[in-house]
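Every read-out reported here was derived from the displayed coordinates using simple, explicitly stated rules and does not represent laboratory data. Note that the structure is predicted; figures quoted are calculated from it, not measured. No Cβ is skipped: glycine too gets one built from the backbone with ideal geometry, and neighbour counts run over all protein chains shown.
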Amino acid sequence: MSNKEKVAVVVTSIGKPNKVLSRLASESTKNKWEFLLLGDLDSPSDFNLKGCDFYSLERQLASEFKFAQQCPTRHYARKNIGYLLAIKNKASIIIETDDDNMPREEFWQDRTRKQNVITASNMGWINAYSYFTEANIWPRGFPLDSILGNQLDWDSLEISQVDCPIQQGLADGNPDVDAIYRLTLPLPQYFRKDRRLALAQGSWCPFNSQNTTWWFDAYPLLYLPAYCSFRMTDIWRSFIAQAIAWVNGWSVLFHEPTVWQDRNHHNLMKDFSQEIDGYLKNREICKTLAKLKLEPGTDKLMDNMRTCYKSLVNLSVIAPEELNLLEAWLSDLESLA
């Protein structure tokens, strides 16, 4: 990431300014990054935070974006509007996080798209978290029947030069795990800071929307579906992104924690109920995506997105209404090209 890169941080929140948002605002200003915050129906009407470009629901609806008019309210998928605004403002890198992830000093350091790192290829399901800690912990969306599966030792993996336009930063404290973990196993947890792992062709692992960096070429893959389980929207996005990334020779990087998560209050049984589709279907989803005939090239990303989402509608994991919303997103992207 050079000084010429224009960086935008995108967050959704319905809360008042808190310590995390204040830190994001002040440090973004210091680093000359744009900080876009997307609200919703329940956002404070008087929200005001210096260094933060806040988009109330009314301001979102006043935009020229078709997606803003069609996206359901009270939904995390409204974060897509923030991506569109960042793209409109010519951001060459988008970093997304959440309002309960306190950025550390490392969060503000330069990011590098091409990496010379340990790379996992054609390993099937791979628990990326397991290479960053000795604890029995797995990312939200990881198939439960693979948690105790054997994986190659770190020392047996090889270093490769890889292109990673999508990079998942880990989170210490209260990391992104599923409700089953939270109901049965200990927190907080902490990850190693001396490792990075790239997942290449044929190595599946869910990644989230909580501390994730995207380079320009991969922007169409940012799309968060709205007509599915709230707890699966970013997870299913990650599977689609991986399938399309691989056909372009891209890898997905998992790297050291750069945020500390002090998680907002959740009803864990409600989370569990919203994760059931993932527990039962994530393996089938990726098996389906792996069989699709996707085309290489950044000019093919949008058609590949259509192909992937149609396949998930056919699997009945995403409602058919998603296809119209996806078209609105793709149309908005084309208008910004």
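Kindly flag which residue pairs out of Lys88/Lys281; Lys32/Lys66; Lys88/Lys287; Lys30/Lys193; Lys79/Lys291; Lys4/Lys310 have an alpha-carbon separation exceeding 27 Å in this structure.
Details: Lys88/Lys281 35 Å; Lys32/Lys66 29 Å; Lys88/Lys287 35 Å; Lys30/Lys193 25 Å; Lys79/Lys291 29 Å; Lys4/Lys310 38 Å.
As for pairs spanning more than 27 Å Cα to Cα, those are Lys88/Lys281; Lys32/Lys66; Lys88/Lys287; Lys79/Lys291; Lys4/Lys310.
Shape analysis of segment 197-337 yields a ratio of the Cα radius of gyration to the Kirkwood radius, Rg/Rh, of 0.95. Taking Cβ atoms as reference points and 15 Å as the exclusive limit, the residues near Leu37 contribute a net charge of -4, counting Lys and Arg as +1 and Asp and Glu as -1.
Of the peptides 188-196, 74-82, 168-176, how do they stack up when ordered by the mean number of other Cβ atoms within 10 Å, highest first? Please report the intermediate quantities before stating the final value.
Details: 188-196: 14.8, 74-82: 21.0, 168-176: 23.1.
In decreasing order of mean packing, 188-196, 74-82, 168-176 become 168-176, 74-82, 188-196.
Please figure out what share of the DSSP beta bridges in the chain is antiparallel and state it in percent, rounded to the nearest 5. DSSP beta bridges in the chain are roughly 45 percent antiparallel. Counting only Cβ charges, +1 for Lys and Arg and -1 for Asp and Glu, the dipole size of the chain around its Cα centre is about 240 debye.
Using 0.36 nm times the number of residues separating Ser331 and Arg59, minus their current alpha carbon distance, what extension gain do you get? List each step's numbers first, then the result.
Numbers: separation 272, 0.36 × 272 = 97.92 nm, distance 1.98 nm.
Working it through step by step, the gained length comes to 95.9 nm.
Place a point 7 Å from Cα of Trp154 in the direction of its Cβ. Which residues in segment 97-137 have their backbone N less than 12 Å from it? Within reach of a label on Trp154: 118, 129-135.
Once every DSSP H run of n ≥ 4 in the chain is given -39500 (n - 2.57) and the sum is divided by its residues, what mean residue ellipticity at 222 nm do you get, rounded to the nearest 500 deg cm²/dmol?
Details: 9 runs with 108 residues, N = 337.
Roughly -10000 deg cm²/dmol at 222 nm, from the helical runs in the chain.
Averaging the sequence gap over all C-alpha pairs within less than 8 Å and six or more residues apart, then dividing by the number of residues, gives the chain a relative contact order of 20 percent. DSSP bridge analysis restricted to segment 113-267 gives an antiparallel fraction near 50%, rounded to the nearest 5.
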